[in-house]
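All remarks here apply to the structure that follows.
The values are calculated or read from the model by the stated rules, or taken from the named source; none is laboratory data. None of the values given here were measured: they were computed from a predicted structure. Neighbour counts are summed over all protein chains in view; Cβ atoms, including those assigned to glycine, are modelled from backbone coordinates with ideal geometry.
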Amino acid sequence: MIKLRRSHVFSIFTAGFLAGAVALGFNFILRLGGIAAFPPESALSAFLRVIPASIEEPAVEQLGELAGELGLVIATLIAAVVYGVIAVVFDALAARRIASMKLGRMEILLISGIIPWLLFGLVVFPLDGDSIFGIAAPFATGAGAWTFPFTLLLAQAVYAWALSARYDPRLPAVAAAQGAAPQQDVARREFIEKGAIGVLAVLAALVGLTSLFPTAPSQLQPGGGGQPVDLQDAPAIFSDPRIANVVDYEITPNQDFYRVAVDIIDPAVNLDNWSLMVDGLVNTPKQYSLQDVKNLQGTSQYTTFECVSNTVNGSLASNAKWGGVKIKDILADAGGVQPSAKYVAFHSVEGYSVGIPIEKAMMDDSIVAYSMNDQPLPVKHGFPLRGVIPGLYGMMSAKWLDKISVVGSVYVGFWQSRGWTSDATVNTGTFIVAPESSQVSVSQNNGSIILAGYAFAGDRGVSKVEVSLDNGRTWQQAQLKKPLSNLTWAVWAFEWVSPAPGNYNIIARTTDGTGQVQTATAAPPFPGGATGYAAVSLQVTS
């Protein structure tokens, strides 16, 4: 018997793993629709909250937004392994006793589904503060969260349904003792049970998929590209087709705008049950619909965002035109702030929060945005509202806003609680984008090579970009295209004529609008943003 059990344990584990994968796929659809929590997501979030930022940071640097997606895939595979282990343990310890109760195969497997239901509902979800069965998950709403225990239970029924296709827990000796339960009756019950599970699963999946599109299609469009770039008053070098990509991306198309977020699955906000609450140390706390916000006096501005995790010459920076309402106008509409106000805290529907000093919030260029490049704010960038706080790293501009609170003390946000800077002032930096190839030939374009890229200094503006062709010994000034605003990066270009063939280390540095040259001291992104000159290696051939 022991030899038989050992020979079957792998097949039982495989059956449980595959059935678990099916159940997790079904559960994921329900999660996307906001009608069930997803165990791997909560487990991964809990894990990310406890690991040191020094471990998490390299993954974000190397993978960007793919880091969260890869983490979710790994967490889901681990959850499927847990299902496989549950199948083995259940078969070894409980299946015989339960089979003696004259139950059919489907009924026994449904009982086995109680184990992951309790494990996920009472252990995994509370680990991330989502309460039992995920009913306090950040995306949950009061109207539907009460169903989470039942939708999670339905996912386990799907697990039992899928497991029944590969595994029968009734041992031959025990099954033979079930003479009191006619085989025909057992088969009929199993057919009815499977049919009921299938119907409920299809209905729940349809509800979940329908919930993915809770607003009008025009409000869920991903958004178009940026605006046409005006070159009328720009130096002639910026019309050179060799740097067309650099110039064209002065305004980043919505679909190419970088994204880094603590959430693994973008929230799908339903405007029917969403509102923006403005409370705390304001004289008249108010609640706003999206249309209420749009009814306030609007404004628009070009603002560049950079992630605090960006490396020197990295890709986590983008520029867009944002339309919305000044934060100070919203606070004024809520009766104005009280004298004891010190910070404004921004809260997101998925649980993220961050705070900025009241002085920064009251500046003319600090806004909450509902459009991006003249398109409705895309879901991945914070629909329906996000903060736009110029001069500070992107982590200070919260997405998917549902509350703005004025508080009387320093507010410690999500990333700040993990050791990241609370000042978050953008460090002056330079990006070398062209030429795209690391090898160029002087036999083309009459020996002319064009170097180009972007320079960014937060809300301090850019006054000068310099290029060194001899590893920093001497510097030559590049040409600047007038930036779209004092809040954006500036496009720069430098024509290098007839260089001698060889290997070159190209370095670029920026001077901000106050006359301060960026620091040459190299520092990693953690905790206050990367510093150091941008450098690329270039091989010049004849």
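Filtering the stretch 378-391 to residues that are modelled with pLDDT under 95, crowded, with 22+ Cβ neighbours inside 10 Å and out of contact with any helix residue (DSSP H, G or I) (no Cβ under 8 Å at 6 or more places or on another chain) leaves only Gly382.
Candidates Ala145, Ala136, Ala92: the one that is at pLDDT below 85 and touching an Asp or Glu at 6+ places or on another chain (Cβ under 7 Å) is Ala136. Would you confirm whether any residue within the stretch 284-303 is outside the structural domain of Arg49 (by TED's automatic domain parsing), within 23 Å of the chain's Cα centre (by Cα) and farther than 30 Å from Phe28 by Cβ? Yes: the stretch 284-303 contains one or more residues that are outside the structural domain of Arg49 (by TED's automatic domain parsing), within 23 Å of the chain's Cα centre (by Cα) and farther than 30 Å from Phe28 by Cβ.
The condition (being within 25 Å of Tyr249 (Cβ to Cβ) and among the aliphatic types (A, V, I, L, M)) is satisfied by just one residue among Ala500, Ala522, Ala455: Ala455.
Would you point out which residue out of Ile35, Ile74 is outside any helix (DSSP H, G or I), modelled with pLDDT of 70 or more and of a type in the set (A, V, I, L, M)?
Values: Ile74 fails: outside any helix (DSSP H, G or I).
When all the criteria are applied, what remains is Ile35.
Among residues that are surrounded by fewer than 19 Cβ atoms within 10 Å (Cβ to Cβ) and modelled with pLDDT under 95, Thr311 is included.
Checked against the criterion of being in a loop (DSSP other than H, G, I, E, B) and β-branched (Val, Ile, Thr), the stretch 236-250 contains not a single residue that satisfies it. Listed by position, the strands (runs of 3 or more DSSP E) contained in the stretch 449-515 that have at least 2 residues being among the hydroxyl-bearing types (Ser, Thr, Tyr) and modelled with pLDDT of 95 or more are 462-468, 502-512. Checking the stretch 99-120 against the condition returns a match, with at least one residue being buried (at least 20 other Cβ atoms within 10 Å of the Cβ), over 16 Å from Ser45 (Cβ atoms) and at pLDDT 90 or above. Going through (1) under 33 Å from the mean Cα position of the chain (by Cα); (2) assigned to a loop (DSSP other than H, G, I, E, B) one by one, Ser443 falls short only on (1). For the stretch 472-492, enumerate the residues that are in contact with a Phe, Trp or Tyr (Cβ under 8 Å, 6 or more places away or on another chain) and of a type in the set (Ser, Thr, Tyr). Scanning the stretch 472-492 gives Ser485, Thr488. Is there a residue in the stretch 418-438 that is in a loop (DSSP other than H, G, I, E, B), in the same structural domain as Asn505 (by TED's automatic domain parsing), of a type in the set (Asp, Glu) and surrounded by fewer than 15 Cβ atoms within 10 Å (Cβ to Cβ)? For the stretch 418-438, residues in a loop (DSSP other than H, G, I, E, B), in the same structural domain as Asn505 (by TED's automatic domain parsing), of a type in the set (Asp, Glu) and surrounded by fewer than 15 Cβ atoms within 10 Å (Cβ to Cβ): present.
Checking each residue in the stretch 314-342 for being farther than 30 Å from Ala455 by Cα and assigned to a strand (DSSP E or B) picks out only Val337. Screening the candidates Gly394, Gly351, Gly413 for the property of being among the small types (Gly, Ala, Ser) and at pLDDT 95 or above yields one hit, Gly394.
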